Each structure stands twice: as C-alpha cells, then as structure tokens.
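The values are calculated or read from the model by the stated rules, or taken from the named source; none is laboratory data. Being a predicted model, the structure only gives us computed values, none of them experimental. No Cβ is skipped: glycine too gets one built from the backbone with ideal geometry, and neighbour counts run over all protein chains shown. For the accessible areas, the whole protein counts, side chains as well, though only heavy atoms, and no ligand, DNA or RNA atoms are used. Shrake-Rupley method; radii C 1.70, N 1.55, O 1.52, S 1.80 Å.
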Amino acid sequence: QVQLVESGGGLVQAGGSLRLSCAASGRTFNNYVMGWFRQAPGKEREFVAAIVWSGRSSYYADSVKGRFTISVDNAKNTVYLLMNSLKPEDTAVYYCAARVPRPGTVVLGESYDYWGQGTQVTVSS
C-alpha cells in the first residue's frame, strides 16, 4: 500500500527556513503528481506546491512563489518542500499528497489519491 510520511516541521522565527520531507513508499511513482497542502487554524485547506515525480513540471501557490521550492530525490523516494523567508501566515499543518498520472487540476485536494498525516509548522513574529 502507498504510504506518505511527513517530517521536518517545527517552530521557527519569521524570516527563517525549514525543509519538510515526505517519504513515499508502496509504489513506483513515475509521473505521479506530488503535492503539498496546508491548513491553518480556522482556515480552509489550501494548495501550496506540486511537482511531477520526474521533476519536469512544478506548480506553486501565489502566496509562496519565490519563497518555497518543491523537489524530488528519486534515490530516496522523498519529496521535499524547502521553505525560505517564512512568515507568521505560513503557520499551519502541512500535508503531503500523491495523485496517480491523469489529466486534472493539481491545486484541488480532492483530486489526490493518497495523503500523509501532516506535520506542524509554526512561525513566530
């Protein structure tokens, strides 16, 4: 079965950096879309970033573009989200997700087939 396990969350001051990891197992992920979503207290879940496993294409929410970078390490079966210049507004539980290859919109959480359990990111002002 597919498993996604996030790690790397924590507490950081505004302007700092964190790198989240998503360890993926149970499938070969060629051409899968891997996504990061987040949910802050009292807010709806929102799209953060996505990447095709091959690394050929990537996508970012406007709120994080230029600050966050999504990447894949194929040898480690791991997806990363490098978060720079963090803001208090980035505070949320961050979730890793995976979607089988097919046409569709990568920014919609309901289009994804597998989810991790989340990791907390807290940014202090």
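Beyond 11 Å, what share of the Cα-Cα pairs of region 83-125 is found? Please give it as a whole percent.
70 percent
Counting only Cα atoms, the size of region 57-109 along its three principal axes is 34, 27, 20 Å, in decreasing order.
Straight-line reach from LYS87: taking Cα to Cα under 19 Å and skipping same-chain neighbours fewer than 8 places apart, the lysines in range are LYS43, LYS65. Highest mobility in the GNM of the chain, judged by mean-square fluctuation with C-alpha springs under 10 Å and restricted to GLU46, GLU89, GLU110, is found for GLU110. Dipole size of region 14-125 about its Cα centre, with +1 on Lys/Arg Cβ and -1 on Asp/Glu Cβ: approximately 220 debye, rounded to the nearest 20.
Karplus-based coupling profile of region 81-90, in residue order and whole Hz: 10, 8, 10, 10, 6, 5, 10, x, 5, 7, with θ = phi - 60° in 6.51 cos²θ - 1.76 cosθ + 1.60 and x standing for Gly or Pro. Taking the accessible area of region 14-125, probe 1.4 Å, and keeping the other protein chains in place, the carbon and sulfur fraction comes to 46%. Coupling constants for region 107-120 follow from the phi torsions by the Karplus curve (6.51 cos²θ - 1.76 cosθ + 1.60, θ = phi - 60°), and in residue order they are 7, 9, x, 5, 7, 9, 9, 9, 9, x, 8, x, 9, 7 Hz; glycine and proline get x. Taking amide H positions as modeled 1.01 Å from N, with prolines and chain starts lacking one, the residues under 5 Å from GLY118 and 5 or more places away or on another chain are GLU6, CYS96.
Quick one: compute a quarter of the convex hull surface over the Cα atoms of the chain and quote it in nm². Walk me through the numbers on the way to the answer.
Working: hull surface 28.3 nm².
If you wrap the Cα atoms of the chain in a convex hull and average its projections, you get 7.1 nm².
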